[in-house]
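Here is the structure we will look at, set down as structure tokens.
The values are calculated or read from the model by the stated rules, or taken from the named source; none is laboratory data. It should be emphasised that the depicted structure is a prediction, and the values quoted were computed from it without experimental measurement. Neighbour counts are summed over all protein chains in view; Cβ atoms, including those assigned to glycine, are modelled from backbone coordinates with ideal geometry. Ligands, DNA and RNA are stripped out before the accessible areas are found, and what is left, the full protein with its side chains, is counted by its heavy atoms. Shrake-Rupley method; radii C 1.70, N 1.55, O 1.52, S 1.80 Å.
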Amino acid sequence: MGKLAITGGPRAAEALSVPEWPQPTDTCREYLLEAFESADWCRGPWIERLEREFAEFHDAEHAIAVANGTVAIELALRAVGVEPGDEVLVPSYSFIASASAVPAVGAVPRFVDTDPATYNVDPESVREAITEDTVGLVGVHFAGYPMDMDELLPIVEEHDLFLIEDAAHAQGSEWRGEKVGTFGDFGTFSFQETKSLPSGEGGIVITDDDVLAERASTMQNIGRAQGETGYRHYHLSSNSRMSAFQAAVAIGQLEKLPEENEIREANEAILLEAFADIDGIETKPRDDRITARGYCVENVRYDPEGFGGLPRDRFIEALRAEGVPVYDGYEVPIYRQPAFFRDQVRRLLPPGIEVPDYRNLHLPGAEELCARNVSYSHPLLLADEPDIRTIPEAVRKVQTNVGELLEG
Ligand SMILES: Cc1ncc(COP(=O)(O)O)c(C=O)c1O
């Protein structure tokens, strides 16, 4: 296939038809203008419509729109009744908000390991991490690949834990025919601009539980009772409301999401089939219980042995040079982030609460992923099918010509 692009050869994947993201569609423009010209810029019909339509889309009884996906997790934690000093299990390989929401509400995060095959919390590690102070688990449907609910639900039930499903990446994901987000107490979503349902900033929490929905609704609206306006406040809490403009954009984006997810899934199937024949590229297992996929990032694990020992970061550079926009993802597990140095966590907790020294923690699954992950973003999966087929060709080209890089 010729010389590698990184050493001056032609690209294997010239100008992939990857759409710009986010997409300013005509529908969104129309809704945004309508919201702008209405007198409802805050709570009102746009927010109610988004909440209704998203709840319906995700098979949930209730949805409460909020300012972003980080406050969505914090709100869910407060609404399930987490108290200062409680211990909450959190993922080790995710965006920091999946874990930082816990100290943000005054509770102690305890990290669980990640199953490197699925990128989700490892159920065995969850079981081992539970102590008598553990009150719940925040788990992520990482990259929209659902957590194994058959394994996790019995554990949370047996130990009487709450479960918050961080579904920031999982708009549209299904487990056994049911959308994710209501297997536990709350599902939380992000509509930040890189997500598959973007509204600039934004988020939503969903639940099937009437009482939890009422609490979350009150807490996100600075303590006002559900449906009330005015100056009676029943709970000391903050304002995490979404604006009507965010809602108008999200409604427009939601309309195109199901069709886009189908395209992504079809293109992903092409990649999975091709990657199965490439040594050194390991994909997530096919699981028939996952009946639909949502997307955000997508991931494969790179094994240098399949590429003559070429380091992961050099592989990424070579593939990027071929025209395939891949990247390495999280450099460190969340517990290695400077934000999780013990003194920083301690500052947010009540005095006298024991905080683990996360610097001594080693979770092999999460650390393996930091070293071996290769990511690509969901817009790549919207490229035309012939372009998608050039991606594994580019990988093979790097593999076949790896000698050019090893000699260098
Ligand atoms: C897994 C996960 N959870 C939560 C969030 C937080 O969402 P936001 O950026 O809307 O606050 C993100 C954002 O990237 C995320 O990836």
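Below, the figures for the structure above:
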read-out: Value of [θ]222 nm, deg cm²/dmol, for the chain, DSSP H segments ≥ 4, -39500 (n - 2.57) each, nearest 500; value: -11500 deg cm²/dmol
read-out: For region 233-263 versus region 1-77, the gap between their alpha-carbon centres in whole angstrom; value: 8 Å
read-out: Percent of beta bridges antiparallel (DSSP, the chain, rounded to nearest 5); value: 60 percent
read-out: In Å², nearest 10: area of MET242 left accessible to a 1.4 Å probe; value: 10 Å²
read-out: Nearest 10 degrees, 0 to 90: helix 45-57 Cα axis against the chain principal axis; value: 60 degrees
read-out: The chain: most fluctuating residue of GLY144, GLY85, GLY203 per GNM, C-alpha cutoff 10 Å; value: GLY85
read-out: For region 93-158 and region 175-192, distance of Cα centres in Å; value: 14 Å
read-out: Angle between the chain longest axis and helix 69-79 axis [Cα atoms, degrees, rounded to 10]; value: 40 degrees
read-out: For region 271-322 and region 348-392, distance of Cα centres in Å; value: 14 Å
read-out: FRET E, pair GLU393, GLU317, Förster distance 22 Å, beta-carbon r, rounded to 0.05; value: 0.80
read-out: Net charge, PRO19 excluded, C-beta distance under 12 Å - Lys, Arg +1, Asp, Glu -1; value: -2
read-out: Point-charge dipole on Cβ atoms (K/R +1, D/E -1) for region 43-93, about Cα centre, debye to 20; value: 240 debye
read-out: Highest to lowest packing among 67-79, 316-328, 109-121, scored as the average C-beta count within 10 Å; value: 67-79, 109-121, 316-328
read-out: Accessible area per residue, Å², the chain with all protein chains present, probe 1.4 Å; value: 43 Å²
read-out: Kirkwood-Stokes translational diffusion coefficient of region 164-264, alpha-carbon pairs, 20 °C, 1.002 mPa s, µm²/s; value: 145 µm²/s
read-out: Surface share of carbon and sulfur [accessible, 1.4 angstrom probe, percent] for the chain; value: 48 percent
read-out: Unit charges at the beta carbon, dipole of region 200-320: most positive-side option, LEU319, GLN253, ILE263; value: GLN253
read-out: Average projection area in nm² (convex hull over Cα atoms of the chain, one quarter of hull surface); value: 20.7 nm²
read-out: Count of lysine pairs in the chain with Cα separation under 27 Å (8 or more residues apart, or interchain); value: 8
